[in-house]
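What follows is calculated from the coordinates using simple rules that are stated; it is not laboratory data. What you see is a predicted model; the values in this text were computed from it and never measured. When we count neighbours, we look across all protein chains shown, and the Cβ atoms used for this are built from the backbone with ideal geometry, even at glycine.
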Amino acid sequence: MKQIHIRYFAVFRERRGLGEETIPTTADTAKELYDQLAANHDFPLASSAVRVSVNLEFRPMGTKLQEGDQVAFIPPVAGG
Amino acid sequence: MDFQLTREPIEALPSSPLDRAGGYVVFEGRVRCENEGREVRSLEYEAFDEMAVRVGEEILQAARAKFDILEAGCVHRIGHLQIGDRAIRVEVAAAHRKAAFEACDWIVDEVKRNVPIWKKEHYLEGDSGWIGIDSTLPT
């Protein structure tokens, strides 16, 4: 099990009910973690529609997670 | 000039002039009252602050390398905005206007494409929706 710090934004924050948390996970990759969270909290987007930031860098969803990583799942952006 | 997020109203303050800049282009994105046939009452911007500033700075750096400009800067407002409020302000200084216009347009496109900021519109009917997210969901 790894402890991962997760931040939630927009629709993910609304569905999860909070902006961040640190959780233990068996997930090996960012995609596996997303799929777990999406199932647990009824996230409305498939992993293919979501980007991931690991330690403040955009990374592929297949990125392997390390203990203590700071992860944020990025739904489609709409700034500007 | 740099990339900033602000929760305060964006003022129309020009930067201090640069000696070699003959042209300044400023783009202001404002909140409009309708979108995709819906009447908008107000909207909210939410940002992943640290990453938004990092990605925004990278965009400005890339613009300085890609276009023949002297400087570029951007401010994006977050929080609850009313109709007519400035949501984003991009300013580009160059010796000549063509590069300034092109760089400004490119920066706006890149900010919209990549910066982790989300927009939730509140409609006249009382409902609301996350732009680019809720519209992709099955009804």
(message) I'd like the full set of residues that are within 14 Å of chain B (Cβ to nearest Cβ) and buried (at least 21 other Cβ atoms within 10 Å of the Cβ), limited to the stretch A:12-34.
(response) A:F12
(request) Filter the stretch A:1-11 down to the residues that are surrounded by fewer than 18 Cβ atoms within 10 Å (Cβ to Cβ) and in contact (Cβ under 8 Å) with a residue 60 or more places away in the chain, then identify the one that is farthest from B:G79 (Cα to Cα). (result) A:K2
(request) Determine which member of the set B:E58, B:E71, B:E102 is more than 14 Å from the chain's Cα centre (by Cα) and surrounded by fewer than 16 Cβ atoms within 10 Å (Cβ to Cβ). (result) B:E58
(message) So in the stretch A:55-80, with the set limited to residues that are away from chain B (no Cβ under 11 Å) and among the hydrophobic types (A, V, I, L, M, F, W, C), which one is nearest to the chain's Cα centre (by Cα)?
(response) A:V71
(message) Need a quick list: strands (runs of 3 or more DSSP E) entirely within the stretch A:1-79 having at least 1 residues that are of a type in the set (D, E).
(response) A:20-25, A:57-59
(message) Just to verify a result, which residue in the stretch B:18-35, among those that are in a loop (DSSP other than H, G, I, E, B) and in contact (Cβ under 8 Å) with a residue 60 or more places away in the chain, is surrounded by the most Cβ atoms within 10 Å (Cβ to Cβ)?
(response) B:A21
(message) I'm trying to understand the selection: among the residues of the stretch B:36-45, which are surrounded by fewer than 20 Cβ atoms within 10 Å (Cβ to Cβ), within 14 Å of chain A (Cβ to nearest Cβ) and part of a strand (DSSP E or B)?
(response) B:V40, B:E44
(message) Testing A:A72 on (1) under 22 Å from B:Y45 (Cβ atoms); (2) exposed (fewer than 14 other Cβ atoms within 10 Å of the Cβ); (3) not aromatic (F, W, Y), one condition comes back false. Which one is that?
(response) (2)
(request) Filter the stretch A:41-80 for residues that are among the polar types (S, T, N, Q), closer than 30 Å to B:V90 by Cβ and out of contact with any helix residue (DSSP H, G or I) (no Cβ under 6 Å at 6 or more places or on another chain) and give the result. (result) A:N55, A:Q70
(request) State whether the residues of the stretch B:52-72 include one that is assigned to a strand (DSSP E or B) and more than 19 Å from A:V77 (Cβ to Cβ). (result) yes
